[in-house]
1. Are there any residues in region A:750-788 with a reduction of at least 50 Å² in accessible surface when going from the isolated chain to the assembly of protein chains? Probe 1.4 Å, please list them by number.
2. Just want to confirm a number: the relative contact order over chain A, from Cα pairs under 8 angstrom separated by 6+ residues, in percent.
3. Just to be sure I understand the model, the point goes 7 Å from the Cα along the line to the Cβ. What's the resulting residue B:54 to residue B:101 distance in nm?
4. Per residue of B:172-182, how many C-beta atoms from partner chains lie within 10 Å of its own C-beta, taken as a mean?
5. With 23 Å as the limit, write out which pairs from A:12/A:564; A:359/A:767; B:190/B:219 have Cα-Cα distances beyond it, or answer none.
6. Just tell me how shielded B:245-251 is by partners: mean number of partner chain Cβ atoms within 10 Å of each residue's Cβ, no decimals.
7. Probe radius 1.4 Å, ligands and nucleic acids left out: which of A:81, B:60 has the largest accessible area, and how do the rest follow?
8. So between residue A:426 and residue A:787, what do we pick up on full extension, going 0.36 nm a residue minus the alpha carbon distance?
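The values are calculated or read from the model by the stated rules, or taken from the named source; none is laboratory data. Predicted, not measured: the structure shown is a model, and the values here were computed from it. Note that we place each Cβ from the backbone using ideal geometry, even for glycine, and neighbour counts take in every protein chain shown. Side chains are part of the model used for accessible areas, which takes the heavy atoms of the whole protein and leaves out ligands, DNA and RNA. Shrake-Rupley method; radii C 1.70, N 1.55, O 1.52, S 1.80 Å.
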Amino acid sequence: MPKDHGIGASPKRREDLRFLTGNGNYTDDINLYGQTYVHFLRSDVAHGRLNKVDTAAAAAMPGVVRIFTGADFAGVGGLPCGWQVTDKHGQPMQEPGHPVLAQGKVRHVGDPIAAIVAETYEQARDAAEAIVLDIEELPAVIDMKAAVKDGAPKVHDELTSNLCYDWGFVEENKAAVDEAFKSAAHVTTLELVNNRLVANPMEPRVAVGDYNRSTDESTLYTTSQNPHVIRLLMGAFVLGIPEHKLRVVAPDVGGGFGTKIFHYAEEAFCTFAARQLKRPVKWTSTRSEAFMSDAHGRDHVTKIELALDKDNNFTALRTETYANMGAYLSTFAPSVPTWLHGTLMAGNYRTPLIYVNVKAVFTNTVPVDAYRGAGRPEATYQLERVIDKAARELGVDPIKLRRQNFITQFPYATPVAVEYDTGDYVATMDKLEQIADLSGFAARRKASEAKGKLRGLGVNCYIEACGIAPSNLVGQLGARAGLYESATVRVNATGSISVMTGSHSHGQGHETAFPQVIAEMLGIDESMIEIVHGDTAKGPMGMGTYGSRSLAVGGSAMVRATEKIINKAKKIAAHLMEASDADIEVKDGKFHVAGTDKSVAWGDVTLAAYVPHNYPLEDIEPGLEETAFYDPSNFTYPSGAYCCEVEVDPDTGRVTIERFSAADDFGNIINPMIVSGQVHGGIGQGIGQALLEGCVYDDNGQLLTGSYMDYAMPRASDVPFYTVDHSCVTPCTHNPLGVKGCGEAGAIGSPPAVVNAVIDALHSAGKTHVTHIDMPLSPNRVWAAMNA
Amino acid sequence: MYNFEFVRPTTIADAVAALGHEGAQALGGGQTLLPTMKQRLASPEKLVSLTGIAEMQGVCISDDGHLCIGGATPHAVVAREAAKHYPALAGLASHIGDPAVRNRGTIGGSLANNDPSACYPSAALGSGAVIVTNTRRIAADDYFQGMFTTALQDGEIITEVRFPVPEKASYQKFEQPASRFALVGVFVAKYADGVRVAVTGASEEGVFRWSEAEAALSKSFTADALNGLTVPADGMIGDLHGSKEYRAHLVGVMTKRAVAAAA
Ligand SMILES: Cc1cc2nc3c(=O)[nH]c(=O)nc-3n(C[C@H](O)[C@H](O)[C@H](O)COP(=O)(O)OP(=O)(O)OC[C@H]3O[C@@H](n4cnc5c(N)ncnc54)[C@H](O)[C@@H]3O)c2cc1C
């Protein structure tokens, strides 16, 4: 029987009552007394010299409080980049400034030029139309390969070129890799594009800045996945406000998908302007603004080559990737195509020699940074596509080729600098073959063909590195932050518990899943435990939620703090029962003296801690509250095998997903329902990337997909009912819960399966000239490929 | 959005009078006009809502057997109430946008706007409908005059649309993946005196009749009758979602499917 509480149970998500009934408290729900509204006047050209911003007429418009331009930020820091990559020559990346409001030049459509603060939002917009701009338009650089050619216009005049860095990994292996290619029995080459995406969380970004002149305290309410990180970046590097005078609150957040990790200009502006004006300043992004100011994702152009020996063993892998940084370096942008991508190129396979080259390029487009999976989907996609192509070229079964090359011994040190602690790729593939009913495929293909449709089946594996991760390691790799997590477990006098976690929930369900862990440890009811997050005034310094790290890192911190609570509570219980604390056991919400029928209830112990009349005051302090910071010793490595079946309409090229199965190994599972939900959502986004989504600029840097009229989001009718399984469990060996993380897997593991399936469908109809189609596989693209 | 005045008259005469003012504009369901105003791309001084005019609402059959739809009737009402008289038309209405769009958006607004990717224009042209305004009756063949352009004069409002009911008909819409408007939509209607084929979404000239297909289908109302017929790619819309060649190809595919579905 499934458990009904604690670890492994699937209680309904307690946060959903407020989310589904419209009672969430989102940033836009926050309205402060005396609030003003800001509208950002944004560049409508991709690249231009900003000769003059004349605000005189606008400043006189009704309701205008003040208009700010780049000049007002002359003495203020720019937006910092949180990761420094060192190039293949040992030189640091080129790191341009990133002003809050444009100074001297505009560098992408959407770059903010002026901020109009007014009594109402409409007045601010009216005034924006009265600002006179003198912008001398410059040629835009959009295409990455053109951007790094000699003589290309420079996005940043002060840099030597548009090349941010040219990264080689592992540079020392390059010669050996090249040698292995020379002696390979077969080489498969594939050039592909990992399409640029716009995250499109349901809630657009919002920021409300507030300033209390009597205490000199600033507060920023913002749509963030990591309020402490914003406090550090904005306080220390942009505005110079020390932590004790700066509070950052990220209340309910309606989806992040990575794009709400970063510190944005609008947050710094609202905080800054509130101090200047001594009034709250609010900004709510429109959806159109989101398209041109939220950091975008992916946008890699890659050539990958796989070398095999005569027995079809992988002998070497070589890649060259152009990664778009956009016009500025967003907070974690440099890390995505490098340490979150190159380190995953081994995938699930024993490829002894790997060399990854990444050229990060500045272009006149919106900055690009982490989006669900961040680097790992890009790695998985190219690897799993090239393996599929190799299988076709060699005439071998793509599953067999994968199985033959699986890593089977753990721990496994890859040639790309990471060590997988556990995994069982054979088990997940076996599970997949079963749940996807591979043996029934031939019959399903016949049935599709009888309807005039082509049917294809695609499989892929994935590995990801989650729970990002050891601070000392990421520090060596260029991170300018630690990546631990914190938790304070505050036990109240009557036994209820508040957990202040540094993890942030923006849809993941922490408020439900985290209490399950503590309930299990103490044997008390989950309803006694409340999760508090998203406010720097409430919890200890925390690093926030991304990289599927909340449970693996934040949950581990919570476990550590709870262990401290248990240790102390045992001492109190021992005192109350006049026993030795070594003999105390915790079970079902009681403290027992081992081997006796003596026990004392949890609530009696907690009450004693706060009403210490009968209490070992000479040994321990009153109260019951503990904090732990947890810094993991390694990443976690979830893995799995995915299968997609598609139908292709040969007349129109339209692809429909008929079946989708996912067998994942996430280590131990706390709440299976939530895990399934995360996988469903991730696959939905992966299908979105594979079939629908794609952010497109024209040659002049105009955003052609600036609204839902042209940017295709996946909808319920675009996805099938999924079959997901997470019963294959190899627990993580280095965190106390044995958990690995599940938030990104679906988005990482699904795009190659979809594309592999479409290629398979076309081949079934003799269209063997089609070896690849770039995502999104729109009907037009599939039709054009078939008829090329 | 800029400030504007708002009136909601209850008679056609009052609406026409209100629209006589400089800067006044008719408002149907607002599904096109309001987003445009929010983006500050339109700035009417006065909106004259047509949704309070009883005689512009609803679906009925006239004495001469036409299906008559009030100019301010929402798509959802057409989907429901035209279903038994003219299923192809009701089906078209039921696949416009989402429930919110269908409950607000009106047939008059759609035809007045004449978006090159909209569905209704193909039904009106494909049925040889009559667009009834406050001043005259306009044959569909004279009404559509290119993308976003119609025979309507300033201040003229569509009060009713009269559809001759065909023997057989079908609308086949191939959705643009993002907007779900028609990338190509084909409306085929078979009448006693011949077949009409109207194509939306495809042409730079807006909705058009495919006369070669009409001639072939008037001889034999079968998908095979269309074999070998193509529309030229030249003059088709080419954009992110479909090249000119792809749209031209889809016109053939969707027409065949419409005939197969209707036959
Ligand atoms: C999300 C979304 C999806 C959509 N999907 C589709 C789709 O798949 N297929 C499709 O065909 N359409 C689609 N539409 C458009 C929808 O059908 C609109 O209803 C239609 O385009 C306009 O109708 P309206 O009544 O809302 O007109 P409004 O927006 O009110 O007005 C549009 C224009 O028509 C004028 N006007 C309005 N009524 C009259 C009248 N009676 N006489 C004269 N002029 C008038 C107005 O002055 C204005 O210029 C979609 C719209 C949205 C928002």
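1. A:780, A:783
2. About 16 percent, as a whole number.
3. Taking the simple label geometry, residue B:54 and residue B:101 are separated by 3.2 nm.
4. 5
5. Values: A:12/A:564 29 Å; A:359/A:767 34 Å; B:190/B:219 11 Å.
Cα-Cα > 23 Å for A:12/A:564; A:359/A:767; rest within.
6. Values: counts 4, 9, 1, 0, 7, 6, 0.
The shielding value for this peptide is 4.
7. The ranking, largest first, comes out as B:60, A:81.
8. Fully extending the segment from residue A:426 to residue A:787 adds 126.1 nm.
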